[in-house]
Structure formats: structure tokens, C-alpha cells
Amino acid sequence: MADSTTPYTAIDHDIFATVQEQIERDAQVKEEIRDNLKSLDKQSKQINSMLSRVHSVPPSEVPHLVAKTKPYFENARKELHGLIETVKAYPYYKYNGLWSRDLQNLTFLVLLETWLERMYTTDTPQPGNALLTIEEVGERFEVPVNLQTEDKFHITIEEYLHAVISLVEELSRLMTNAVTQRDFKRPQLISTFVKDIHSSFQVLNLKNDSLRRRSDGLKYNVKKVEDIYYDLVVRNLIASEAPTEEHVGIKKEEDVENKMDKD
Amino acid sequence: MESGELHHKRPRQQQHHGSARPKPGPHDAARDAELLASNNPFMPMFLRFRGELDEHHDRRERVIKASRDITALSKKMIFSLQRARKIGAPLPQQLLKEVTSRHAEINRQLSGIAPDLHELNAHRYQRNISGGLQELMEALAFQHYILTGTLLSYTGAQKLIPDGIELTVSDYILGIFDFVGEAMRFGITLIALNGAGGDGGGGDAGKILLDLRRLREEFEALDTTAGAGVLGKEVEKKMTVMKQCVEKVENAVYGVIVRGSEKPKGWVPDLDSQPLQMHSEDD
């Protein structure tokens, strides 16, 4: 290092040239990724806007709505593979932060689409079938999921869980709007679903990150869904299948929680 | 920041859902069986996620802890190195011993977390180890400068850390920014002890002055805004501090030339600089 063949070697200019070069190469990769994400986002926006109509159309039209999104999902899948092509040469987590939100959003859309498809089309929807597993999401987009060691593109648990929370939030909104449509079947499905997801999240030991903060908010969705369900039962708009006592019990617990929050 | 995240808020949540949320640590098999037997169809998947997320958090905490330890050890290395008095010469025996043992401990820490930072996880905990690596870069660059009188290069720095630990250009360059502060302190100490080398800046203090000016020029030419990453913002903050450091050395050398050293050793007034000296005392 300490050669003195050239007059001023103490601060070697090449050191900075190398650093500059690396910064620029890095910036170029990020630029390419952002271009990919712009195209992907365009498709996601389309799908999002189409699926949003579920809040305003009668239940009978929902299957039709869902069918219309299929080509856009296919486009999104292609765009996603364009992104994978761009980033496959680099360590997965090096640039993961750039697309993680977009991937969460796309995953949410496919979860919502499937929920609507499975809970609206058949006469006897299976609540156990309502949520696509992370593996099924991967199959839909032909992307690996939850890899443990191999360093390549995949959908992570965290991204999937964020999408599940978004789904709960969206369904809580649908709870209200379904009732407005005089649809009393979906509220029962949503109610079961939201409660099951909420208690599933309880088993995770989440640290204080964005996932933790969002999952803490799930209890408000449960409360909203419970309140609507209660309104429907009280007015005999739906038959209460579960014993009313249990239902009231859950409501009390929620109230306690709210009081504690205010403390 | 990260440290706060780890412990914050947990008890409150457990109060809420005391029965539903298992405490972290070894999982209760009976309780799990109960959960699986409930008619919640999503429970098996979430229980599987739980184990994997726990592993992730454990890895992350190990990396954060190592990063903190490495930061502390690097600072100690720097304290020791500040006691050196010459550039381009081997360290005195006692200093060498201190510095070497600390560097060895840092390498042991890094090798310890290497398994948490490989394959898929290569960049996953980058943010968590970054602080330690930057501080280490500062220490290693400082040591390299004292021993050789030259700036440690990126490739040179990579060779100084154990295999399996990746050094990003960002961590390297941010460490070099901080190194300027150490070189400044080193230079000021030399000036306080010896004056500016007795010949108006030709000695080690003079060398530091020249090198820091050159460094400043290089830093100023560097464009770190490309890619709109974190680096650009970090560099912006460090740039101001770096400039102040260079100016402090410039002022110190100026002060010595004008006023002579604060602790003159057989200092004889220089007739040539007398008018300047009077001028400065007018302030």
C-alpha cells in the first residue's frame, strides 16, 4: 500500500474512482428495478380499481367482476417475471426493499380475488377455503415462496402476512357494504374469517416492526365486524348460529380492550 | 433505534391477549395441539410461520448485538491509536498489543455472525450490522493511516475483515468520512505537542493538513445522490462535519505559524512572522 513511486500517493484518487463507479452501478440497477415496478404497478392499479367495485355491485355480479381481472393478473405475472429477470443477478435482500410493498400489494389483490371468487360463486362456500396459502400465491405467479437458504427471488412470509392484513381491512369495509346490498350471507363469512385470522396472528411473536403495528390494528377490524354482526342478529336479519352468550362474551372482551387502550 | 424496537411495548400486548398469545421462548406443545384442534383452518400455517419468524428475529438480534459490540471495540481501538505520536512508523509495543487484541476480538465477533449473514440472508441484516462496520472502517482506516501514511482503499478494507462478511461501499465510504475526524484530532494533538513540525507544516501535522485537504477535494467530487438511496442523505450530513474537521486543522496550523506553539520548546521568535503575530493578537 505504502509505495512512494508516484509523487502523491497518500490519498489515492483511484480509491474514490472505484467508489464512484460502484455507486453509479448500484444506481443503475435501482433505476431498472423502478422501471419494472412502474409497469407492475400499472397492472395492480387496474386490478385494484376493478375489484373495488365489489363494494357497489350486487352479489350476483361479483363472479363476473372477478373473471374480468384474470387477464390483468396474467399481465401482472409477466411484469413480475420481468422484475425477476432484472434482479436475479443480485442477492435477493440487496434490493428487496424497493419492491416489497408492490409485491405485498399484488399478493393482497390475489388474496382478495380468490376470496371473492370462492365466497361468492358457490352456494355453499367453504370458509376453510377462503384464504390462499402462501404456496398457492406462489403457484399463481409462478414464483417461489418462503425460501430458507437459496438466494433467489421469492415471496417472503412478511410480505404474505402484510397482504393478509390488507385483506382483512378490505373485508371489514365490505362487511358494511354487503349489508347495504341486502347481502347477509357474506357478512357471516367475513365475520368468521376476520376472527380466525385475528386469532391466528395471536400465535406469532412479532417484533416491533411495521407488521407488528398493523397486526395490532386487527382487533379494530374484529370489533367493527362484530358490531355489524351483532346489529344483524339483533334485528333478526340473520339467524344466530352460534349461541348468543358466546357472542356477547367476545363483545365484552373487546370493550375491555378498548378501555385499556384509552388508559 | 433498533435496540429500542426490541423490548418496547411487549408487556402491554400480552395483557390484552394473555390467553391467546403464547410467550416467546420454547413453545408449549400442549397449547399448540389445542390451537391446531380448534376449528380455525388457518392455524397450521400460522404456527409454521411462527417458528420461522422466531428464527429470523433471533438472527437479527444476534447481528444487532454483534454490531453494538463491534462499535464499542472499534472506538477503543481508536482511543488507543490516538495515543500514537508518529505517522508511518510501527506502533509502540503497548499500543500494538491493545489494538491487535481488540481487532482480533472484532474479527471473532464478525466470524461468529457470518452464518447469519450468508446465502439468502447475505443482505437481509445489512441495516443491522451497518453501524458496527462503519465504526470498524473508521478504526481500520485510522490504523492504516498511522502505520503507512496512506488512505485505506475499499479493496484493502475488504481484506481486513473475515470471509463471509460483506462490506458495502456505503459502509466503507461513511467510515472514511468519520476517519477525517480522527485524523483531525490526531493532527491537533501533534500540533499542541510539537508545533506544526517546526518548519511551517513540513512534519506529520503538515502532512495531515495536506492529506485532509486532498481528502476533502475527493469527497466533494463524489456524487452519492445517484439512486436516491440512504447514502446520499448520510453523506450530506457527514460532509459538513468533514469540512469543519479539515478547517480545524487548517486553523491550528495557521495558529502555530502565526503565534508559535502554545507550549514552545525552546521557541525563538521568528522575526519574519512578527507583524502577523501582532495582528492576530489584536483580535
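The values are calculated or read from the model by the stated rules, or taken from the named source; none is laboratory data. The model shown is predicted, which means the values in this text are computed figures rather than measured ones. We place every Cβ from the backbone using ideal geometry, glycine too, and count neighbours over all the protein chains shown. Heads up: the accessible areas ignore ligands, DNA and RNA and are worked out on the full protein's heavy atoms, side chains in. Shrake-Rupley method; radii C 1.70, N 1.55, O 1.52, S 1.80 Å.
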Fill in: region B:92-172: projected area of the alpha-carbon convex hull, averaged over directions, in nm²
5.3 nm²
Practice prompt. Find the Cα radius of gyration of region A:14-262, compare it with 2.2 N^0.38 Å by division, and give the number to two decimals.
Written response: 1.17
Discussion item. Given R₀ = 51 Å, what would the calculated FRET efficiency be for A:ILE238 paired with A:ARG213, taking r from the Cβ atoms and rounding to 0.05?
Written reply: 0.95
Discussion item. Which of A:MET175, A:MET119, A:MET50 ends up with the largest GNM mean-square fluctuation for chain A, with Cα atoms connected below 10 Å?
Written reply: A:MET50
Item to complete: Take the alpha carbon atoms of region A:170-222, find their center, do the same for region B:53-127, and report the distance between the two centers in whole angstrom.
Response: 45 Å
Practice prompt. With only Lys, Arg, Asp and Glu charged, each at its Cβ (+1 for the first two, -1 for the last two), find how big the charge dipole of region B:33-86 is about the Cα centre; round to the nearest 20 debye.
Written response: 920 debye
Fill in: Dipole of region A:14-262, positive direction: furthest Cα of A:GLY97, A:MET119, A:ILE165, with charges on the beta-carbon
A:MET119
Item to complete: Would you calculate a helix-derived [θ] at 222 nm for chain A, using -39,500 (n - 2.57) for each DSSP H run of n ≥ 4 and dividing by the full residue count, to the nearest 500?
Response: -25000 deg cm²/dmol
Item to complete: Quick one: compute a quarter of the convex hull surface over the Cα atoms of region B:43-150 and quote it in nm².
Response: 7.5 nm²
Item to complete: Could you work out how far helix A:244-262 tilts from the main Cα principal axis of chain A, as a 0 to 90 degree angle to the nearest 10?
Response: 40 degrees
Response to the item:
With +1 on the Cβ of every Lys and Arg and -1 on the Cβ of every Asp and Glu, the dipole magnitude of region B:80-166 about its Cα centre, in debye rounded to the nearest 20, is 400 debye
Item to complete: Using a 10 angstrom cutoff on alpha carbons, build the Gaussian network for chain A and name the most mobile of A:ALA239, A:ALA130, A:ALA76.
Response: A:ALA239
Practice prompt. Using label points projected 7 Å from each Cα along Cα→Cβ, tell me how many nm separate A:HIS55 and B:GLU217, to one decimal.
Written response: 6.1 nm
Practice prompt. Could you work out how far the C-alpha centroid of region B:204-248 sits from that of region A:116-133, in angstrom?
Written response: 60 Å
Worksheet item: In degrees from 0 to 90, rounded to the nearest 10, what is the angle of the helix A:218-234 Cα long axis to the longest principal axis of chain A?
Response: 20 degrees
Discussion item. Ordering B:LYS75, A:LYS42, B:LYS207 by accessible area with a probe of 1.4 Å, largest first, what comes out?
Written reply: A:LYS42, B:LYS75, B:LYS207
Worksheet item: Excluding ligands, DNA and RNA, what is the solvent-accessible area per residue of chain A at a probe of 1.4 Å, expressed in Å²?
Response: 47 Å²
Item to complete: Extending each Cα 7 Å along its Cβ direction at A:GLU24 and B:ASP163, get the distance between those two points in nm, one decimal.
Response: 3.4 nm
Worksheet entry | Given charges at beta-carbon only (K, R positive; D, E negative), |dipole| of region A:77-125 in Debye | 280 debye
Item to complete: Compare the Cα positions of A:ALA130, A:LEU83, A:ILE155 along the charge dipole of chain A (+1 at Cβ of Lys, Arg; -1 at Cβ of Asp, Glu; about the Cα centre) and return the one farthest towards the positive end.
Response: A:ALA130
Worksheet entry | Choice from A:LEU37, A:LEU106, A:LEU171 with maximal GNM fluctuation in chain A (Cα, 10 Å cutoff) | A:LEU37
Worksheet entry | Cβ-derived FRET efficiency at R0 41 Å, B:ALA104 paired with B:LEU47, nearest 0.05 | 0.45
Worksheet item: Carbon and sulfur atoms: what percent of the 1.4 Å accessible area of region B:43-150 do they account for?
Response: 55 percent
Practice prompt. Just need log10 I(q)/I(0) for region A:53-188 at q = 0.14 Å⁻¹, Debye formula, equal scatterers on the alpha-carbon atoms, no solvent, rounded to two decimals.
Written response: -0.68
Item to complete: Express in whole angstrom the spacing between the alpha-carbon centres of region B:131-187 and region A:11-73.
Response: 37 Å
Worksheet item: Using protein heavy atoms only (no ligands, DNA or RNA), what is the total accessible area buried between A and B, 1.4 Å probe, nearest 100 Å²?
Response: 5800 Å²
Worksheet item: At a 1.4 Å probe, which residues in region B:131-152 are at least 40 Å² less accessible with all protein chains present than in their chain isolated?
Response: B:THR150, B:LEU151
Fill in: Label-to-label distance, nm, for residues given as A:LYS152 and A:GLN126 (7 Å Cα→Cβ offset)
3.1 nm
Item to complete: Set the Förster distance to 41 Å, then compute FRET efficiency between A:THR9 and A:GLU32 from the Cβ-Cβ distance, nearest 0.05.
Response: 0.65
